[in-house]
Amino acid sequence: MPRATVAIVDLNALRFNYRRAEALASPADTMAVVKADGYGHGLEAVARSLADLTACYAVACIEEAERIRRVGLAHPVVLLQGVHDPEDWARCGEADFEVVIHEPGQLEALFARASHPMPTIWLKVNTGMNRLGFAPGDISGVIERVRRRPGIRLRGLVTHLACADDPEHPMNACQIGLMTALQSEFPELQFSVANSAAHYRDGDAAFQWTRPGIMLYGGAPLQGKTGQELGLQPVMTLQSNLIAVRELQDGETVGYGATWQASGPRRMGIVAIGYGDGYPRHAPSGTPVWVRGRRVPLIGRVSMDMIAVELTDVPNAQPGDTVELWGRHVSVDEVARRSGTISYELLAGVMPRVPRRYIDPVS
Ligand SMILES: *Cc1c(COP(=O)(O)O)cnc(C)c1O
């Protein structure tokens, strides 16, 4: 018998969330961001199940783009971080990988390979994130240089918002304003600004293409919200089971560091999941888990392969019972918030030893 620990991935929920992103983005088109193994859900399964809905995928690197090709999908794939090795340029041209160029060296490397089939490119504009991109004032010069090279198709301009998870932050309007100005200068180009969070604005960030990631997987892109509060369905249910149940006497402690102590007689259980599976080690006592139709608190420290939960209010709980760590009853956003992180990190951090089990779309 295998361990019961599993990540159940509901591809119906994924498709529901994609349609929701698409509706919020309309009339802009939507590229599905499937980097980091589809935010931990399995890149191949995610890409396949969105194939009839999306016109385009976006990934971080060429290795991820190749995985999309290997399952037979021919959609354009945008490499958000560009190519890391100049040798990869030829492959991008052949494979219809659209490359985001963010610095002059990448442009030189592309120009040096002028004889190969040329890929479609996007230029990244640094509107304030200050990670990657050309300064807005340099863009027209860069566009001019690209246009002097025959064969290169420049599709458009991309930027990334630094503070979209806080809709009130003044930086949003500032970054969007810089792109609006560039759009009036270059109306023939396509623009892409919005990550998931910006789908919840009034449309000012939509431009021609949006790039939803976390919302496709049901995670909330806005601070202080859960995905369900934003009309999204959780895609992953991380579950395991109880492998031991015990009674504690007043004053007994649980787990490493003896950080949790029973005040009075208590019932507790051990669940077969830990940080070795990607459950966050920083989840504090009190983080909810779902057992027999109710939320019960995590107690003590998270171990590599197990956690302890309090079962005093669930007297009939017994070894073998299913436990939901996150999913429909316990939001991954809530577990993330309590653990001092974001749902992105929890979802993308589910370890390979946790098997993914897929619920196939019903069409
Ligand atoms: C990851 C990423 C996205 C998707 O962001 P979400 O917040 O998950 O929607 C969009 N654009 C770029 C450039 C990214 O790196």
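What does the charge add up to near residue 331, with Lys and Arg as +1, Asp and Glu as -1, over the other residues with Cβ less than 10 Å from its Cβ? Net charge in that neighbourhood comes out at 0.
Share of carbon and sulfur in the accessible area of the stretch 243-363 stands at 50%, probe radius 1.4 Å. For the stretch 1-59, the solvent-accessible area of protein heavy atoms averages 35 Å² per residue (probe radius 1.4 Å; ligands and nucleic acids excluded). The stretch 106-166 and the stretch 288-339 have Cα centres lying 47 Å from one another.
Counting protein heavy atoms only, the stretch 87-204 has 50 percent of its accessible area on carbon and sulfur, 1.4 angstrom probe.
First compute the accessible area of the stretch 1-41 with a 1.4 Å probe, then give the percent of it belonging to carbon and sulfur atoms. For the stretch 1-41, the apolar C and S fraction of the accessible surface comes to 55 percent. Charged side chains reduced to their Cβ positions (Lys and Arg at +1, Asp and Glu at -1) give the stretch 27-182 a dipole of some 500 debye around its Cα centre. Using a probe of 1.4 Å on the protein chains alone, the accessible area found for residue 16 is around 90 Å². Accessible surface for the stretch 129-182, divided over its residues, is 51 Å² per residue with a 1.4 Å probe.
In the complete set of protein chains, residue-level accessible area for residue 140 is approximately 50 Å², probe 1.4 angstrom.
The 3J(HN,Hα) values that the Karplus relation (6.51, -1.76, 1.60; θ = phi - 60°) gives for the stretch 293-310 are, in residue order, x, 9, 8, 10, x, 4, 10, x, 7, 6, 8, 5, 10, 7, 9, 10, 10, 8 Hz. Gly and Pro appear as x. With the helix formula -39500 (n - 2.57) applied to DSSP H stretches of n ≥ 4, the chain reaches a computed 222 nm mean residue ellipticity of -7000 deg cm²/dmol. Here the Karplus relation 6.51 cos²θ - 1.76 cosθ + 1.60, evaluated at θ = phi - 60°, turns the backbone of the stretch 87-96 into coupling constants of 4, 7, 4, 4, 4, 4, x, 5, 8, 6 Hz, with x for every Gly and Pro. Note on surface exposure: 41, 84, 116 rank 84, 116, 41 by accessible area, highest first, 1.4 Å probe. Screening the chain for whole DSSP H helices of 15 Å or more along their axis (Cα) with average Kyte-Doolittle hydropathy at least -1.0 returns 11-25, 170-185.
The values are calculated or read from the model by the stated rules, or taken from the named source; none is laboratory data. It should be emphasised that the depicted structure is a prediction, and the values quoted were computed from it without experimental measurement. Cβ sites come from the backbone with ideal geometry, for glycine too, and all protein chains shown count toward neighbours. What goes into the accessible areas is simple: the full protein's heavy atoms, side chains included, and nothing from ligands, DNA or RNA. Shrake-Rupley method; radii C 1.70, N 1.55, O 1.52, S 1.80 Å.
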